[in-house]
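Student: Structure provided below as structure tokens; questions to follow.
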Amino acid sequence: MKLDHEIHEIATADQVDEHSFINSPAPTRRAAAKALPEQRLPFTIRIVNDEQALQKAVGIRYSAYNRHLPKLAENLIRFEEADLAQDTIILLAESKLDGSPLGTMRIQTNHYHPLGLEQSVTLPPWLQGRHLAEATRLGVSSGQAGKVVKTLLFKAYFQYCVENGIDWMVITARFPLDRQYDALLFRDVFSGREFIPMQHVGNLPHRVMAFEVATARERWAAASHPLFDLMFEMRHPDLMLEQPPNAMGEQISLLRSRIARDGGVGTR
């Protein structure tokens, strides 16, 4: 299914790194007063709310990690307890053509529990007492389509944070993937671009980086960011972020109960 021109530009330029979210140069800014145009995608992004969707997310996650981190991927064949946590959602991108999974991302807020990265670091005072959301387990299909899906997963992450009163988006990134977050104007949480082993991501060294939600539009406009129009001047109805009841839906709640009864994480 053909992507339209603007989304296509994000994904097809030769100078885009394999792991990049963005391309350059920046497109011309649309007039602020103009009604936002609508852009349809060849895939949807939604919050997982049943066991079948969860298994799709696990499958694409495993495939993505197995390409680059096969040792870590061995632990991702099945879903994780963190996938079912009360303060967690999982995003799933699915092809409209055949329903196949194209990408996934897990988002955990600190509304009920500390973030996963707080197993390894103590956050500085400027993040203490703030509403935070950490993105983990990002995985997309290989090839050009995966790059487009990754970009729209980031928009879904940002949009979810806006809609849920999140102050800071927080991520951990290993080298060289940290460069894509530099490009998105994330800042280092700790000085010196330090790479710290992270327990919740296989003890691999990661940079801890943060992105202030409230100032995003202003900062991206000042930087003439190449994704400004996509993020702020384009409406994407295929990003469906209505949160199901009880965060993960009735079926996921039943799955939690079953796992608690059986004493462990279920199998695929």
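Student: Whether any residue in region 170-191 is farther than 27 Å from Leu72 by Cα, modelled with pLDDT of 95 or more and out of contact with any Leu (no Cβ under 9 Å at 6 or more places or on another chain) is what I want to check.
Tutor: Yes, there is a match, as at least one residue in region 170-191 is farther than 27 Å from Leu72 by Cα, modelled with pLDDT of 95 or more and out of contact with any Leu (no Cβ under 9 Å at 6 or more places or on another chain).
Student: Still on this structure: Where residues in region 167-188 are open to solvent by less than 10 Å² (accessible area, probe 1.4 Å) and aliphatic (A, V, I, L, M), which of them is farthest from Thr215 (Cα to Cα)?
Tutor: The qualifying residue farthest from Thr215 (Cα to Cα) is Ala173.
Student: Out of all the residues in region 134-144, is one or more touching a residue at least 40 places away in the same chain (Cβ under 8 Å) and on the phi > 0 side of the Ramachandran plot?
Tutor: Checked against the condition, which is being touching a residue at least 40 places away in the same chain (Cβ under 8 Å) and on the phi > 0 side of the Ramachandran plot, region 134-144 yields at least one hit.
Student: List pairs: first residue in region 63-86 and under 23 Å from Pro176 (Cβ atoms) and at pLDDT 85 or above, second residue open to solvent by 40 Å² or more (accessible area, probe 1.4 Å) and not charged (D, E, K, R) anywhere in the structure, Cβ distance under 7 angstrom, at least six positions apart or on different chains.
Tutor: Arg67/Ser142
Student: Then there is this: Just the residues that are open to solvent by 20 Å² or more (accessible area, probe 1.4 Å) and modelled with pLDDT of 95 or more, please, taken from region 43-55.
Tutor: Thr44, Arg46
Student: Filter region 101-130 down to the residues that are of a type in the set (Ser, Thr, Tyr), over 13 Å from Arg61 (Cα atoms) and in contact with a strand residue (DSSP E or B) (Cβ under 9 Å, 6 or more places away or on another chain) and list them by number.
Tutor: Residues satisfying the conditions are Thr109, Ser120.
Student: Continuing with the same structure: Restricting attention to region 139-157, which residues are out of contact with any strand residue (DSSP E or B) (no Cβ under 7 Å at 6 or more places or on another chain) and over 17 Å from Val48 (Cα atoms)?
Tutor: Ser142, Gly143, Gln144, Lys147, Val148, Thr151
Student: Further question on the same structure: Pick from region 217-248 the residues that are of a type in the set (A, V, I, L, M) and over 29 Å from Ser95 (Cα atoms): which of them is most open to solvent (accessible area, probe 1.4 Å)?
Tutor: By that ranking, first place goes to Ala222.
Student: Looking at this structure, is Arg207 open to solvent by 30 Å² or more (accessible area, probe 1.4 Å) and at negative phi?
Tutor: Taking the combined requirement at face value, the residue does not satisfy it.
Student: What about Glu163, is it over 23 Å from Thr215 (Cβ atoms) and open to solvent by 10 Å² or more (accessible area, probe 1.4 Å)?
Tutor: no
The values are calculated or read from the model by the stated rules, or taken from the named source; none is laboratory data. Values in this document were obtained by computation on a predicted structure and should not be read as measured data. Every residue, glycine among them, receives a Cβ derived from its backbone with ideal geometry; neighbour counts consider all protein chains shown. These area figures cover heavy atoms from the full protein model, side chains too; ligands, DNA and RNA do not enter into them. Shrake-Rupley method; radii C 1.70, N 1.55, O 1.52, S 1.80 Å.
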